[in-house]
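Structure first, then comments.
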Amino acid sequence: MRILLTGGSGFIGSHIALLLLERGFDVLILDSFINSSYNVIYRIENYLDNKKINSKLETVVGDIRNKKLLNNIFSDSIKEEKPIDAVIHLAGLKSVSDSLINPLHYWDVNVLGTLNLLLTMKEFECYSLIFSSSATIYGLSDTVPMAEDHKISPINPYGQTKVAIENMFHDLYNSNINFWKICSLRYFNPVGAHPSGLIGEDPIGNPNNLFPFLTQVAIGRQKLLKVFGDNWDTKDGSGIRDYIHIVDLAEGHLACIDYLNSKDACLEFINLGSGKGYSVFQIIRQFELSTGCQIPFSIQSRRDGDVAECYADISKARKLLGWTPLKSLDQICIDGWNWQMKNPNGYS
Ligand code: NAD
Ligand code: UDP
């Protein structure tokens, strides 16, 4: 099979790309590199060479909002007799805080970009799609674990764009029930890195998220970790989230391809998380235990928009996809630290 992977050089996309190529899929990455480095592609290519993997990786530098480019990608693939069998669509903007400052930019890239992609897929009769949605769409509720039928109530423009896209899928599927096969995967907190240490998370500027911030404290790029609140209504007062190893998350996409291949038509919304909640203090302790690093931290006030607890009910993914996350929190810490140590300044 040949897969078009938009956003394929980003944190999540690079791990999916590697796994797909290892399993014999050909992959065409479309990425603007607005939030990633071309070094990702070189590293994946080196990895394939070293392992003597023959699957084909092609890369197009471009923007999903460019309709003509999308059209060329699909028409060339037909002319060259290597059609695109399915699309994994990850290209987009993901910062909650930026989305509050620049909401229209988020609607433009995330929603218009996805609309362009769907229009092109329809024109070229490519009907299989896996999309990167987010647990953000569930909003502020404290009911855990969160199943897919949990109330949808995003509290920021980023989350709104994901909901708008999911609504687009509903309309599309209802209009053409015999054709479309769509899985919208709602990610919880993907963390860690590929065990090789070749690819991992490399945020531009100061990280907003716990895990990359923590590994940067460990390597000395940040002085101390700010813990946003120790007075939440949780077992130790710090916030609880669902951290899933990035390789487990990537495996979920492979399982999803098998699922789509087994169906004539479908539209599914599926949580991908570990199904377990860990507090900030538990993460710090486990990281120290797994890596031997000391993590200095200070308690700060709560961060705006945070919830006490958020973790997934993953029974649907287990049942429908036959997928289950395999990697422990210990492994997440080891692999995340391995990546950070081998790449103290990320890809640069
Ligand atoms: P990322 O920023 O590392 O990857 C996104 C990639 O998309 C980047 O390589 C970027 O250059 C590219 N891109 C951005 N705008 C583009 C455009 N207009 N045209 C083409 N390429 C473009 O982010 P990620 O963490 O890998 O996330 C991937 C997807 O998963 C995103 O859609 C994000 O919203 C979603 N998601 C991520 C998380 C998370 O915690 N990382 C959680 C839930 C959902
Ligand atoms: N957090 C923290 N310090 C940081 C970043 C995050 O204490 O520097 C906390 C945050 O309040 C939340 C948890 O860590 O309880 C996970 O935050 P992250 O931003 O990684 O994920 P999200 O809240 O978006 O799910």
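When the range 169-182 is examined, which residues are found to be open to solvent by less than 40 Å² (accessible area, probe 1.4 Å) and of a type in the set (D, E, K, R)?
181
For residue 318, only one of the following conditions fails: (1) in contact with an Asp or Glu (Cβ under 6 Å, 6 or more places away or on another chain); (2) away from ligand 1 (no atom under 16 Å from the Cβ). What is its number?
Unmet condition: (1).
Looking at 129, 172, 140, 115, which is the one that is at negative phi, within 12 Å of ligand 2 (Cβ to nearest atom) and not small (Gly, Ala, Ser)?
140
Restricting attention to the range 134-145, does a residue exist that is assigned to a loop (DSSP other than H, G, I, E, B), over 30 Å from residue 326 (Cα atoms) and out of contact with any helix residue (DSSP H, G or I) (no Cβ under 7 Å at 6 or more places or on another chain)?
No, the range 134-145 has no match at all.
Can you tell me which of (1) open to solvent by less than 60 Å² (accessible area, probe 1.4 Å); (2) in contact with a helix residue (DSSP H, G or I) (Cβ under 6 Å, 6 or more places away or on another chain) is the one residue 327 doesn't meet?
Unmet condition: (1).
When both residues are 6+ apart or on different chains and their Cβ atoms are under 9 Å apart, which pairs have a first residue that lies in the range 279-290 and is under 11 Å from residue 211 (Cβ atoms) and touching a residue at least 12 places away in the same chain (Cβ under 8 Å), and a second that is among the acidic types (Asp, Glu) and open to solvent by 10 Å² or more (accessible area, probe 1.4 Å)?
280/230; 280/236
Among the strands (runs of 3 or more DSSP E) contained in the range 1-82, which hold 3 or more residues that are within 15 Å of ligand 1 (Cβ to nearest atom) and touching a residue at least 60 places away in the same chain (Cβ under 8 Å)?
By residue number, 2-6.
Go through 77, 141, 134, 95 for me and flag whichever is over 20 Å from residue 31 (Cβ atoms) and open to solvent by less than 50 Å² (accessible area, probe 1.4 Å).
One residue alone meets the criteria, 141.
For the range 83-112, what are the residues that are more than 17 Å from the chain's Cα centre (by Cα), within 13 Å of ligand 1 (Cβ to nearest atom) and closer than 25 Å to residue 256 by Cα?
Of everything in the range 83-112, just one residue is more than 17 Å from the chain's Cα centre (by Cα), within 13 Å of ligand 1 (Cβ to nearest atom) and closer than 25 Å to residue 256 by Cα, namely 112.
Restricting the search to the range 28-58, which residues are open to solvent by 40 Å² or more (accessible area, probe 1.4 Å) and within 20 Å of the chain's Cα centre (by Cα)?
Of everything in the range 28-58, those that are open to solvent by 40 Å² or more (accessible area, probe 1.4 Å) and within 20 Å of the chain's Cα centre (by Cα) turn out to be 32, 34, 35, 38, 39, 43.
Would you be able to say whether some residue in the range 255-266 is at negative phi and within 16 Å of ligand 1 (Cβ to nearest atom)?
yes
Of the conditions (1) open to solvent by less than 20 Å² (accessible area, probe 1.4 Å); (2) within 16 Å of ligand 2 (Cβ to nearest atom), residue 309 fails just one. Which one is it?
(1) is the only condition that residue 309 fails.
Scan the range 244-261 for residues that are among the hydrophobic types (A, V, I, L, M, F, W, C) and under 16 Å from residue 4 (Cβ atoms) and jot them down.
Hits for the range 244-261 are 254, 256, 257, 260.
Those residues that are in a loop (DSSP other than H, G, I, E, B), at pLDDT 95 or above and of a type in the set (Phe, Trp, Tyr), I need them from the range 146-181; list them, please.
Result: 180, single match.
The values are calculated or read from the model by the stated rules, or taken from the named source; none is laboratory data. Everything numeric in this text was worked out from a predicted model, so none of it was measured. Positions of Cβ are backbone-derived with ideal geometry, glycine not excepted, and every protein chain shown enters the neighbour counts. Note: areas computed on protein heavy atoms with side chains; ligands, DNA, RNA excluded. Shrake-Rupley method; radii C 1.70, N 1.55, O 1.52, S 1.80 Å.
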